[in-house]
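Report on one structure; see the data block that follows.
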Amino acid sequence: WDNADFSRGVGTTFYQEFSTLNTAKPPFVRDVEAKVRRYLRSSYSAAWTLKITWEKAPVHAAQTDTQKTITYQAVLTTDGFRSYILMLYQDGGMQWDYTRLTSTNVLIGYT
């Protein structure tokens with residue numbers, strides 16, 4: 001996650017919480033469970049999931065460039081014992097020009 005700058009009225013952040021303990025699971029949560037099972041080769045049944053979407057987020061400082069934006073999501077999920085995060089990026093990758101960022105040690109993902 002980098003310094004997105006929403007101060008110029010460009011871009012939006014959304015979130016949606018799914019509490020699925022003892023309830024029917026929507027397709028989104030079933031898809032998250034399937035990804036965790038596939039990537040980790042383990043059984044997994046989500047009790048809670050949070051989806052956060054940054055849509056058309058401009059890089060910090062947006063006053064210099066509001067045209068190059070990125071849409072990405074973080075999905076946090078837990079079964080009450082184990083927790084996971086999925087970092088999902090828009091097809092085509094990061095649209096920000098990393099050579100113009102204030103920090104030069106840029107990663108997509110987490111450390």
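The values are calculated or read from the model by the stated rules, or taken from the named source; none is laboratory data. Predicted, not measured: the structure shown is a model, and the values here were computed from it. Quick reminder, even Gly has a Cβ in these numbers, built from the backbone with ideal geometry, and neighbours come from all protein chains shown. Accessible surface is based on the protein model in full, side chains and every heavy atom, while ligands, DNA and RNA are left aside. Shrake-Rupley method; radii C 1.70, N 1.55, O 1.52, S 1.80 Å.
Figures for the structure shown
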read-out: Neighbours by Cβ (under 8 Å, 6+ apart or cross-chain): first from the range 29-56, more than 14 Å from Thr78 (Cα to Cα); second among the small types (Gly, Ala, Ser) and open to solvent by 40 Å² or more (accessible area, probe 1.4 Å); value: none
read-out: Evaluation of Ala34 against (1) closer than 19 Å to Asp91 by Cβ; (2) open to solvent by less than 70 Å² (accessible area, probe 1.4 Å); (3) at pLDDT 90 or above (one fails), failing number; value: (1)
read-out: Leading residue by the ranking (modelled with the highest pLDDT) among those in the range 53-68 that are open to solvent by less than 30 Å² (accessible area, probe 1.4 Å) and assigned to a strand (DSSP E or B); value: Thr53
read-out: Given (1) within 18 Å of the chain's Cα centre (by Cα); (2) at pLDDT 80 or above; (3) of a type in the set (A, V, I, L, M, F, W, C); (4) open to solvent by 50 Å² or more (accessible area, probe 1.4 Å), number of the condition Phe81 does not satisfy; value: (1)
read-out: Residues of the range 1-20 that turn out to be under 10 Å from Thr49 (Cα atoms) and at pLDDT below 90, as a count; value: 2
read-out: Filter result (within 16 Å of Ile85 (Cα to Cα), under 18 Å from the mean Cα position of the chain (by Cα) and part of a helix (DSSP H, G or I)) within the range 10-50; value: Phe28, Val29, Arg30, Asp31, Val32, Glu33, Ala34, Lys35, Val36, Tyr39
read-out: Hits in the range 1-24 (condition: at negative phi and surrounded by 15 or more Cβ atoms within 10 Å (Cβ to Cβ)); value: Asp2, Ala4, Asp5, Phe6, Val10, Phe18, Thr20
